[in-house]
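The values are calculated or read from the model by the stated rules, or taken from the named source; none is laboratory data. Not measured: the values here are computed from a predicted model. Please note: Cβ atoms are built from the backbone with ideal geometry, for glycine as well, and neighbour counts cover all protein chains shown.
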Amino acid sequence: MADEHSDKYMMAPITRREDYSPTLWSVWMKPPEALAFRAGQYVAFGVANHDKVLERAFSIVSSPYEPELEFFIERVPEGALSPKLHQLQVGDAVFMRKKAKGIFNVDVKSGHSQHFLISTVTGIAPYISMVRTLARDLKEGRLAQPFRLVVLQGVSKSDEFGYDRELQAAAEAYPWLTYIPTISRPWEDPEWQGERGRVDDLVRKYADNLELTPETTTAYLCGNPGMIVNARDMLRRRGFEQASIKEETYWAPGEGEVEY
Ligand SMILES: Cc1cc2nc3c(=O)[nH]c(=O)nc-3n(C[C@H](O)[C@H](O)[C@H](O)COP(=O)(O)OP(=O)(O)OC[C@H]3O[C@@H](n4cnc5c(N)ncnc54)[C@H](O)[C@@H]3O)c2cc1C
């Protein structure tokens with residue numbers, strides 16, 4: 001099986017796993033060949049299924065500067081692959097494509113100095129890679145341009161953020177980063193002190209309050225297709241051109257509608 005597919009796939013062993021909730025976890029993998037990618041890209045991986053590979057796309061959480069690949073995954077009930085991935089432990093391996101793909105990268109073409117990064121749940125993954133990569137580039141003098149990142153992440157309950165502690169610490173350390181976590185089911189999370197409401201209902205508020213104007217800002221939408229449609233409409237009404245809105249839709253609109 002592995003031999004038949006060796007031109008397209010490599011076997012990537014899982015080296016570490018961290019669970020945040022019954023359905024959300026991170027895995028780290030160390031493929032035998034380095035995977036070339038840019039922050040914001042994704043790679044497809046999966047498991048053997050008869051004589052084929054059952055695979056899906058996953059955004060890469062880690063920065064290209066890190067030695068291992070990191071992913072943030074949600075187990076979708078009734079999903080074909082994600083329940084199988086959820087069973088994998090350290091030492092198990094996946095069939096991973098040898099090429100990363102995608103154009104959901106930091107916009108360096110428009111000259112915009114502000115980047116409004118909007119996500120639901122695991123849609124935070126590409127933004128983590130961007131933050132880690134930009135922080136390193138800035139520290140090592142590869143980035144001259146002044147910029148600002150505003151990361152808005154929406155989930156139902158606070159155990160679904162996954163990377164909130166990392167982002168909060170980064171936002172305290174870096175003046176160019178703002179992180180706004182929000183939950184949509186506060187009645188199930190009475191301890192939560194932060195922002196409440198769905199991300200698409202907060203896009204306008206933060207665009208206004210933080211002066212994320214269409215002239216200076218590129219917006220990024222990642223994750224739930226319903227959020228992407230609503231947030232895009234809001235941004236368009238706020239004056240954003242479609243060319244200034246980058247989108248990474250994780251599944252087909254209308255299928256598997258879920259709360260976020
Ligand atoms: C570019 C790209 C990057 C992606 N990155 C990630 C990532 O970093 N982490 C991650 O967990 N997923 C990511 N996804 C989604 C992932 O590829 C799969 O769709 C997801 O794991 C479900 O696969 P499945 O085989 O279990 O479900 P399927 O059998 O393919 O789908 C079952 C049903 O669930 C719906 N569905 C799919 N995903 C979800 C979801 N997350 N929540 C609710 N319903 C869903 C489908 O539309 C379908 O109706 C990404 C998708 C794309 C296109």
Item to check | Qualifying positions in region 82-118 - away from the ligand (no atom under 13 Å from the Cβ) and of a type in the set (S, T, N, Q) | outcome: GLN89, SER110, SER113, GLN114
Next on the checklist: Taking the criterion of being touching a helix residue (DSSP H, G or I) at 6+ places or on another chain (Cβ under 6 Å) and not in a helix (DSSP H, G or I), would at least one residue in region 198-216 satisfy it?
Outcome noted: no
Next on the checklist: Looking at region 182-195, can you tell me whether even one residue there is within 16 Å of the ligand (Cβ to nearest atom), basic (Lys, Arg) and surrounded by fewer than 19 Cβ atoms within 10 Å (Cβ to Cβ)?
Outcome noted: yes
Next on the checklist: Here is a check on your reading of the model: is ALA34 without any contact (Cβ under 8 Å) to a residue 24 or more places away in the chain and either more than 10 Å from the ligand (Cβ to nearest atom) or loosely packed, with under 14 Cβ neighbours inside 10 Å (or both)?
Outcome noted: yes
Checklist entry - Are there any pairs, at least 6 apart or on different chains, whose C-beta atoms fall under 8 Å, with the first in region 203-222 and at pLDDT 95 or above and the second assigned to a loop (DSSP other than H, G, I, E, B) and hydroxyl-bearing (Ser, Thr, Tyr), and if so, which? => result ALA207/THR213; THR216/SER113; THR218/SER110; CYS222/TYR250
Next on the checklist: Looking for something buried (at least 17 other Cβ atoms within 10 Å of the Cβ), polar (S, T, N, Q) and more than 16 Å from the ligand (Cβ to nearest atom) - is there at least one such residue anywhere in region 157-177?
Outcome noted: yes
Checklist entry - Taking GLY197, is it without any contact (Cβ under 8 Å) to a residue 60 or more places away in the chain and not assigned by TED's automatic domain parsing to the domain that holds THR120? => result no
Item to check | Test: residue in region 133-154 that is within 15 Å of the ligand (Cβ to nearest atom), of a type outside the set (Phe, Trp, Tyr) and surrounded by fewer than 24 Cβ atoms within 10 Å (Cβ to Cβ) | outcome: no
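Within region 78-100, is even one residue of a type in the set (Phe, Trp, Tyr) and either over 18 Å from the mean Cα position of the chain (by Cα) or part of a loop (DSSP other than H, G, I, E, B) (or both)?
Yes, the conditions are met somewhere in region 78-100.
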